[in-house]
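What follows is a single structure, written as structure tokens, with notes after it.
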Amino acid sequence: MPNLKDIRIKISSVTTTRQVTSAMKMVSAAKFKKAHDNIVHIRPYVERLSEIILDLTSTLNDAASFEWSEEREVNKLLIVVVSSNRGLCAAFNTNVVKETERIINDQFKELYANNGIDVVTIGKQAEKQLKAHGYPVVKEYNDLHNSVTIDHVREISESIMNDFRNHKYDKVVLVYNEFVNTAVQNVRSEQFLPMQLPKIDADHSHAIDYIIEPDSFTFMEKVIPDALKVLFYRVILESLASEHGARMTSMHKATDNATEMIGDLKLIYNKARQGAITKEILEIVGGAEALKK
């Protein structure tokens, strides 16, 4: 029969844990609302920006090229991994680390063997896990999560873009969680640089006839860098919304499990207490009968 004191200690411990997980769920829910609103607002903007680039690309000569879309032999690759600073968000961080390892070991195995891959992390969890697995993390931007603003994100994206422009890296890949809903986050890996311009269909007749000064090529040279920074900002917002959604769901499940466990422990406690009372009654009755004899 379990010790009553031990059961009471377990009930108290699980109750405290439930209070913590419930509080974390509410905090994540408040943060998630803001992050979700940001995603809802930026997605239409990014989609419209992509449509404008598609329309303008269709007006350019096939020979037109931009420094940000320059395809070259990949001798040095940069992988930017976006995770969180804190855990307790289910497989959110583990999934991006696994995807990063898959990319390195499957797609760029030979390049990795020749020390041709660098990793930049945004979030302590990815940095910790990738360093533990021996991958070359050359820089981390863990403080970004303390202040996710367009200006802060622009500084990071500009640094990465300058490294590409200066031929430090020939290709840049982003690995992050794309937000679907609070229970679902899709791990994505997409090429950031060189920028892949939209491919024009043969019957691309819906293009709008823009009036542009001085010309489309000059305008595109200005738009593409700004578009890259916006795309990078969207990735950070996608990851942030995914993180809070995953943590909110995880803490909700943890709170429900704690409630269920407390119920089971109380049932065990009541059974043990009833057994102890019955035993004491039997001992008293037995002692009384012995005195009579």
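The values are calculated or read from the model by the stated rules, or taken from the named source; none is laboratory data. Quick caveat, the model's predicted, so the values are computed rather than measured. Counting neighbours? That spans all protein chains shown, and the Cβs are built from the backbone with ideal geometry, glycine included.
Structure above, values below:
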{"read-out": "Test for R8: is it surrounded by fewer than 16 Cβ atoms within 10 Å (Cβ to Cβ) and either without any contact (Cβ under 8 Å) to a residue 24 or more places away in the chain or touching a strand residue (DSSP E or B) at 6+ places or on another chain (Cβ under 9 Å) (or both)", "value": "no"}
{"read-out": "Checklist (1) within 30 Å of P214 (Cα to Cα); (2) assigned by TED's automatic domain parsing to the domain that holds K266 applied to Q19, failing item", "value": "(1)"}
{"read-out": "Qualifying residue in segment 62-75 (condition: touching a Gly at 6+ places or on another chain (Cβ under 9 Å), surrounded by fewer than 18 Cβ atoms within 10 Å (Cβ to Cβ) and in the same structural domain as Y210 (by TED's automatic domain parsing))", "value": "yes"}
{"read-out": "Those residues of segment 77-121 which are farther than 25 Å from A183 by Cβ and among the basic types (K, R), in sequence order", "value": "K109"}
{"read-out": "Of all residues making up segment 32-45, the number that are more than 16 Å from the chain's Cα centre (by Cα), surrounded by 14 or more Cβ atoms within 10 Å (Cβ to Cβ) and among the β-branched types (V, I, T)", "value": "1"}
{"read-out": "So R72, is it in contact with a strand residue (DSSP E or B) (Cβ under 9 Å, 6 or more places away or on another chain), on the phi < 0 side of the Ramachandran plot, of a type outside the set (G, A, S) and in a loop (DSSP other than H, G, I, E, B)", "value": "yes"}
{"read-out": "Number of the condition not met by C89 [criteria: (1) in contact with a Lys or Arg (Cβ under 7 Å, 6 or more places away or on another chain); (2) under 30 Å from F217 (Cα atoms); (3) in a loop (DSSP other than H, G, I, E, B)]", "value": "(2)"}
{"read-out": "Qualifying position, being surrounded by 13 or more Cβ atoms within 10 Å (Cβ to Cβ), more than 16 Å from L231 (Cα to Cα) and out of contact with any Phe, Trp or Tyr (no Cβ under 8 Å at 6 or more places or on another chain), among H167, H133, H145, H152", "value": "H145"}
{"read-out": "Some residue of segment 44-52 being part of a loop (DSSP other than H, G, I, E, B), free of Cβ contacts under 8 Å to residues at least 40 places away in the same chain and closer than 30 Å to F219 by Cβ", "value": "no"}
{"read-out": "Residue match in segment 148-156 (condition: under 23 Å from S242 (Cα atoms) and in contact with a strand residue (DSSP E or B) (Cβ under 9 Å, 6 or more places away or on another chain))", "value": "yes"}
{"read-out": "In segment 171-213, the residues that are modelled with pLDDT of 90 or more and hydrophobic (A, V, I, L, M, F, W, C)", "value": "V172, V173, L174, V175, F179, V180, V184, V187, F192, L193"}
{"read-out": "Residues of segment 140-158 classified as under 18 Å from the mean Cα position of the chain (by Cα) and under 27 Å from Y112 (Cα atoms), total", "value": "5"}
{"read-out": "Candidates S28, S84, filtered to the one that is surrounded by 18 or more Cβ atoms within 10 Å (Cβ to Cβ), in a loop (DSSP other than H, G, I, E, B) and out of contact with any Pro (no Cβ under 6 Å at 6 or more places or on another chain)", "value": "S84"}
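A quick yes/no check of all residues on (1) closer than 23 Å to M248 by Cα; (2) of a type in the set (F, W, Y):
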{"position": "V96", "(1), (2)": "yes, no"}
{"position": "R102", "(1), (2)": "no, no"}
{"position": "Y135", "(1), (2)": "no, yes"}
{"position": "H167", "(1), (2)": "no, no"}
